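Following: one structure in structure tokens, then a few remarks.
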Amino acid sequence: MGAAYFYHLTRKPLQETLPVLLDKARGAGWRIVVRGRDPERLAWLDDTLWLGGDATFLPHGLAGGPHDKLQPILLTTSADAPNDATCVMSVDGAEVTPEEVSALERVCILFDGTDPDAVQQARGQWKALTAAGCAAQYWSEEGGRWEKKAESGG
């Protein structure tokens, strides 16, 4: 049974935080789906990840290509995981279900702490997932480094 990790972004934007988390997830041997709600935003993230340089190269693809199943990291708006992901990283309020949290190694929910709507969306996700019995952790970078601020046993 997995857990949902909530990442409250206040110091570094998504395009800086996401590659770090993706690298850690890849280091754990996980295949990842980055799930968003806006295809244009995911295309921008795709470009941003490609421009990260050799030191931070993360093999990935944007869903809809001929090799989706082979991608170690797949960016998509769909709830499907054709790459057999063991980790989902939700960005921009993309939906995650309790069933996914239970079935996967990890679900990461990244949200912009400077956007009141994103914070409210994340609070709603926390309540829904923990009410369904999912284990969850809340991480904040407010103090300058990531610190666990809350945990629900699930």
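The values are calculated or read from the model by the stated rules, or taken from the named source; none is laboratory data. Owing to the predicted nature of the structure, the values given are computational and were not obtained by experimental measurement. Cβ: placed from backbone, ideal geometry, glycine included. Neighbour counts: every protein chain shown. These area figures cover heavy atoms from the full protein model, side chains too; ligands, DNA and RNA do not enter into them. Shrake-Rupley method; radii C 1.70, N 1.55, O 1.52, S 1.80 Å.
The distance from the alpha carbon centre of region 1-56 to that of region 83-154 is 14 Å, rounded to a whole number. Counting lysine pairs in the chain that sit 8 or more residues apart in sequence, or on different chains, and whose Cα atoms lie under 28 Å apart gives 10.
Under a model in which nothing but the beta-carbon of Lys, Arg (+1) and Asp, Glu (-1) is charged, region 15-55 shows a dipole of about 300 debye around its Cα centre.
Against the chain, whose longest principal axis is taken from its Cα atoms, helix 116-131 shows a tilt of about 70°.
Taking chymotrypsin sites (Phe, Trp or Tyr not before Pro) across region 35-118, the ones in a DSSP loop with at most 13 further Cβ atoms lying within 10 angstrom of their Cβ are PHE57. Along the axis of the charge dipole computed for the chain (Cβ charges of +1 for Lys and Arg, -1 for Asp and Glu, origin at the Cα centre), the listed residues LEU75, TRP146, THR97 are led at the positive end by TRP146.
Per-residue SASA remark: SER140, around 10 Å² accessible (1.4 Å probe; ligands, DNA and RNA not included). For the chain, the longest principal axis of the alpha carbon atoms and the long axis of helix 39-50 meet at an angle near 70°. Helical content alone sets the calculated 222 nm signal of the chain at -9500 deg cm²/dmol, taking -39,500 (n - 2.57) per DSSP H segment of four or more residues and averaging over every residue. Charging the Cβ of each Asp and Glu at -1 and of each Lys and Arg at +1, and nothing else, the dipole of the chain about its Cα centre rounds to 420 debye.
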